[in-house]
2 protein chains.
Amino acid sequence: MTFTRTLPLTDISQADACSSSLARSAIAPDHADSLARSLKALADPARLRIISIVAAHADAEACVCDLTDQLTLSQPTISHHLKVLVDAGFLTRAKRGTWSYYSLVPGSLDSVAGVLAAV
Amino acid sequence: MTFTRTLPLTDISQADACSSSLARSAIAPDHADSLARSLKALADPARLRIISIVAAHADAEACVCDLTDQLTLSQPTISHHLKVLVDAGFLTRAKRGTWSYYSLVPGSLDSVAGVLAAV
DNA sequence: TCCTTAGATTGACATTGGTCAATGTATTGA
DNA sequence: TCAATACATTGACCAATGTCAATCTAAGGA
């Protein structure tokens, strides 16, 4: 325990960003909490597929009907997953007429990826 | 829905790697499953702190006693989290005498980070 | 051989989380 | 105004998960 590696495992989630640098020491408990929350939002097959489907669309935007077509899940279940992703800051919703269009929040995935890669 | 973005959201988890490129289409369901499994293993505050503590140690190696010192969790709970991380391929265990030393699997975190960043 | 120590395993418990049926809410069109 | 469409919300249910107390296993030391 004499030498300590540089360790920028800092939380950069969009919701509750905390920009303090955690280099040279272990991650702080509250940072671990918020990073875990972000990862939990991603750690579901249906939600990963949703993100992927949205990203694969033109303009990175998709309506719920696009998702019900491709996922074998009920419409309420898909709405639930969408809410989780919006609350976590990975998607945004834009309502136009009767349709709700979901799109990726730029940089939100990269933030999480950056924290993981930095360990 | 005419233009489809390049989308290399492929699974590169260590356990069940599948190297097919998923560019230009949404992620396949089974790839979403295994990526979700990897993310689930990371999506816990205690496990993130464990990874961070191991990474912060000299030689990126720590014994269980180092973890019980810093985490306010029982020893069985910490052993449980360590098992989850080993099973997911993020840590390896080396037993020397009475002590168990855990270390990071090189590249395992970067694999997950790379998949996320590629979306 | 016996005791102590480090750590893993088991079993039980409460909480969280994913899912769907049923229902609610806007918006559009007739 | 009424019916249909697109989506959200509620409530309930079951499965998965995090936690700890108790116990087990193995390695040293006296």
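The values are calculated or read from the model by the stated rules, or taken from the named source; none is laboratory data. The structure displayed is predicted, hence computed values, not measured ones. Heads up, the Cβs are rebuilt from the backbone with ideal geometry, glycines too, and the neighbour counts pull from every protein chain shown. Please note that ligands, DNA and RNA were not included when accessible areas were found on the heavy atoms of the full protein model with its side chains. Shrake-Rupley method; radii C 1.70, N 1.55, O 1.52, S 1.80 Å.
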**Message:** At a probe of 1.4 Å, how much accessible area disappears from chains A and B on forming the pair, both sides counted, to the nearest 100 Å²?
**Reply:** 3200 Å²
**Asked** What is the distance, in nm, between label points placed 7 Å from the Cα along the Cα-to-Cβ direction at A:D87 and at B:T98?
**Response** 4.6 nm
**Request:** Go through the range B:77-82 residue by residue and turn each phi into a ³J(HN,Hα) via Karplus (6.51, -1.76, 1.60, θ = phi - 60°); whole Hz please, and just put x for glycine and proline.
**Result:** 5, 5, 4, 4, 5, 4
**Message:** Output wanted: per-residue J couplings in Hz (rounded whole) for the range A:51-61, from phi through Karplus 6.51 cos²θ - 1.76 cosθ + 1.60, θ = phi - 60°, x for Gly and Pro.
**Reply:** 4, 5, 5, 4, 5, 7, 7, 4, 6, 6, 9
**Complete:** Amide H contacts under 5 Å for B:C63, restricted to residues at least 5 apart in sequence or on another chain and with H modeled in the peptide plane, are B:Y102
**Item:** Rough spin-label spacing in nm, given labels placed 7 Å along Cα→Cβ, for A:T77 and A:E61
**Value:** 2.9 nm
**Complete:** In this structure, among A:K40/A:K95; A:K40/B:K83; A:K95/B:K40; A:K83/B:K83, pairs with alpha-carbon gaps over 24 Å are A:K40/A:K95; A:K95/B:K40; A:K83/B:K83
**Globularity index of the range B:44-104, i.e. its alpha-carbon radius of gyration over 2.2 N^0.38 Å** = 0.97
**Prompt:** Which distances, shortest first and in nm, link B:H80 to the matching position in the other copies, using label points set 7 Å out along Cα to C-beta?
**Reply:** 2.3
**Request:** With θ set to phi - 60°, apply the Karplus curve 6.51 cos²θ - 1.76 cosθ + 1.60 along the range B:83-88 and write out the HN-Hα couplings as whole Hz, x wherever there is a Gly or Pro.
**Result:** 5, 4, 5, 5, 4, 7
